[in-house]
1. Hey, among the residues in region 166-185 that are buried (at least 16 other Cβ atoms within 10 Å of the Cβ) and polar (S, T, N, Q), which one's nearest to K219 (Cα to Cα)?
2. Which ones in region 166-193 are modelled with pLDDT under 85, within 19 Å of the chain's Cα centre (by Cα) and over 23 Å from A109 (Cα atoms)?
3. Has region 350-367 got any residue that is surrounded by 16 or more Cβ atoms within 10 Å (Cβ to Cβ), hydrophobic (A, V, I, L, M, F, W, C) and under 30 Å from L169 (Cα atoms)?
4. Is it fair to say K96 is in a loop (DSSP other than H, G, I, E, B), of a type in the set (K, R) and touching a residue at least 24 places away in the same chain (Cβ under 8 Å)?
5. Just to verify a result, which residue in region 239-278, among those that are modelled with pLDDT of 85 or more and among the hydroxyl-bearing types (S, T, Y), is surrounded by the most Cβ atoms within 10 Å (Cβ to Cβ)?
6. Of all residues in region 272-316, which are among the polar types (S, T, N, Q) and either assigned by TED's automatic domain parsing to the domain that holds T166 or under 35 Å from the mean Cα position of the chain (by Cα) (or both)?
7. Quickly run through region 315-338 and pick out the residues that are part of a loop (DSSP other than H, G, I, E, B) and in contact (Cβ under 8 Å) with a residue 24 or more places away in the chain.
8. Can you tell me which residues in region 500-533 are outside any loop (DSSP other than H, G, I, E, B) and without any contact (Cβ under 8 Å) to a residue 12 or more places away in the chain?
Amino acid sequence: MRKYLSIFLAALLVLTFVPSTIFANNTIYQPSFSIEPDDMPNLMAGTSKTIKFILKNSSNNAWDVVMTPEFEDNSPFTSTNLTNRISIGRVNGNNKVPVDLNLSISPTAKEGTYPIKLNFEYKYVLPTGDSSVIETGKYDETIYVQVTNNKTQPKLIITKLVTNPTTILPGQATKLSILFENKGDIDVKNLSIKLEGLKNDGGFYISSGSDIQIMKNIKSKSISYVDFYIKASNNIKKGAHELKAIFSYGGVEDIQNIFLDVGGSSDQSSNLVMEKIVSPTGTIGANQDFTIKFDLRNNGGIDAKNILVKADSGDSSVVPKTTNIKRINSISPISSETLEFVFSPTSDAISKNYPISITVEYEDDLNLDGEKRPVLNQYIGAYIDGGGDPSKGKPKLIIDKYVFEPQLVKAGENFEMKLSFFNTNSSKTVKNIKIFLTAEAGGTNPDSPSAGGSVFTPVDSSNTFYIDSIPPKGRVEKSITMFTVPDALAKTHTILANFEYEDNEGNPLEDQERVGVPVVQQSKLETSELTIYPGAMIGQPMPVSLEFYNTGKVTLYNMMVKLEGDFQTENGSYYVGNFTSGSSEYFEGMVIPDMPGELIGAVLFTYEDSTGQMQEIRKEFTMDVMEMPPMEEFPEDFYPPMNDMNQGGIKGIVKSKWLWIGVVALGAIIGGVIFYKKKKREKEMALDE
């Protein structure tokens with residue numbers, strides 16, 4: 001018995017020395033947490049919202065409960081609480097407390113389900129025999145949140161390239177402005193734009209600054225721009241050169257190709273055309289002079305130089321009476337020179353239509369050494385009534401007159417062509433006549449759907465005429481309706497009239513005549529809706545802006561955009577110059593109203609079309625102008641005592657409330673200092689004692 005008692009006492013002694021932390025692992029004293037409800041919340045991207053849930057404690061009491069949300073690396077959430085640690089406080093056993101988690105969702109968040117881990121720390125009491133200790137516990141649970149995004153994600157699109165100077169020459173420094181629009185519903189933050197494809201040899205390179213530009217914020221639905229300073233190498237080739245603009249933002253990298261022309265387009269290089277051509281319309285006899293006259297116009301953007309013009313009949317029977325080769329030093333842009341050549345048929349000329357060839361060769365500053373010079377060709381016909389016995393020779397069938405209705409043929413529309421077929425022989429009849437019309441190929445842009453085909457097609461008829469006979473010196477007129485394809489080039493096209501006929505003896509004869517058809521492309525200028533900001537006030541500049549586009553197939557010359565109305569303007573006019581097909585531009589001017597009420601104005605576009613006719617387009621707008629609101633006045637007693645002093649000298653000073661407020665404040669300060677020093681002396685005396 002004594003032995004067992006000794007063992008019991010020894011065991012009891014050992015237990016008294018066991019650390020109390022052994023009992024801490026006993027979970028029966030810990031709180032037991034859970035989260036209610038289990039429903040998954042649905043949040044909208046670009047918003048801030050509070051998630052509400054219930055924290056339930058189904059066991060012992062807990063206090064100093066703190067929740068810390070934990071987000072994954074790609075999570076679109078951020079906590080909008082003052083601190084990331086959210087204090088919940090005391091949660092008793094078998095009790096519930098509401099918990100709020102304030103979240104901000106990124107506007108660029110992709111739709112999907114995202115986890116949020118909730119980490120809880122708390123304190124609880126752990127009994128240890130006759131006493132107790134306070135322990136710290138942890139609990140975590142993951143909740144899931146669904147994100148919906150109905151906004152269009154940011155999308156940056158290059159809308160326009162502007163170079164200064166407009167014409168890029170080899171070895172020339174250029175400021176390149178890239179205009180781009182944010183098509184999305186969300187702002188772009190911290191945008192990086194890098195220019196790639198630069199090279200010192202045969203291309204473009206950075207002349208100053210950097211090839212990377214940074215922008216802090218790009219508003220949605222707005223147009224922004226960035227500038228790069230580049231230079232064309234000395235050995236760069238004429239034509240288009242490709243570069244890449246790399247847009248980087250929010251983990252997105254978007255590469256867009258841009259093309260810079262080194263004298264590549266007609267409005268940047270020189271471009272000579274022949275206009276106002278005057279040629280003989282009647283029959284010309286032997287040794288009778290006739291004149292060919294025309295204007296040589298430069299529709300390009302730079303000077304045409306070293307111009308060589310040559311007129312040649314290609315037949316010794318028609319000889320020039322003036323020099324048939326002329327040289328012109330230069331023709332500046334949108335300028336012209338009038339040229340005139342005189343020819344005369346000799347007595348050897350036979351009765352037929354003689355084509356006169358006009359050839360123009362020229363160059364400009366964009367022509368590199370060894371490069372082929374641009375050449376312009378034009379044929380002008382002159383009908384010669386040959387000398388000698390008219391009964392001799394074969395009968396000749398010609399087109400002595402043709403008329404178009406309308407006179408200028410428009411691409412994409414029908415026109416009527418009236419032809420007069422004339423038998424030039426004075427004694428022989430031509431019969432069994434078959435005439436079929438063909439148009440030259442290559443009259444459209446090589447990239448167009450109708451490339452390689454005919455520019456003209458007959459409407460509701462064949463392209464063949466049949467005539468029984470035409471007596472000597474007789475005429476027969478025929479008409480045909482033709483359709484011009486929409487993408488026909490704006491120039492004089494050639495229709496060939498092929499003749500197959502017989503003379504009196506039944507001998508088969510063939511011949512051919514050329515008909516020149518002047519085709520013009522209709523100009524088309526489209527504009528966006530005017531952007532006008534509400535709330536105009538007198539004397540305050542208000543922006544008026546819009547985009548405009550050349551949707552036609554020809555260049556619009558000398559284009560000008562300006563604001564028009566009874567008001568002052570800033571940046572009220574913009575000279576575009578030659579506006580090429582497929583181009584787009586942006587205009588923004590400031591309207592400064594000077595009187596209240598309804599203000600009426602317009603954005604006016606003026607330009608010359610391909611025929612030289614001045615065209616005008618007007619986009620009108622109205623504004624409601626208000627007067628500036630009066631400035632708020634401060635109350636009379638706001639101002640310091642100086643006002644009172646000015647009103648009545650010493651008497652005003654004595655009556656001023658500001659004076660007495662100052663006296664009271666000064667007295668309080670002096671009294672406080674005296675009281676402080678007195679207390680300090682009493683304390684020092686007490687210490688000395």
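1. Ranking the qualifying residues of region 166-185, first place goes to N182.
2. T166
3. So far as region 350-367 goes, yes, one or more of its residues are surrounded by 16 or more Cβ atoms within 10 Å (Cβ to Cβ), hydrophobic (A, V, I, L, M, F, W, C) and under 30 Å from L169 (Cα atoms).
4. No: the conditions fail for K96.
5. Residue satisfying both the conditions and the ranking: Y249.
6. Hits for region 272-316 are N298, N299.
7. Correct list: D315, S316, S317, K321, S332, P333, I334, S335.
8. P508
The values are calculated or read from the model by the stated rules, or taken from the named source; none is laboratory data. A quick note: this is a predicted structure, and the numbers were derived from the prediction, not measured. Glycine also receives a Cβ, built like all others from the backbone with ideal geometry; neighbour counts cover every protein chain displayed.
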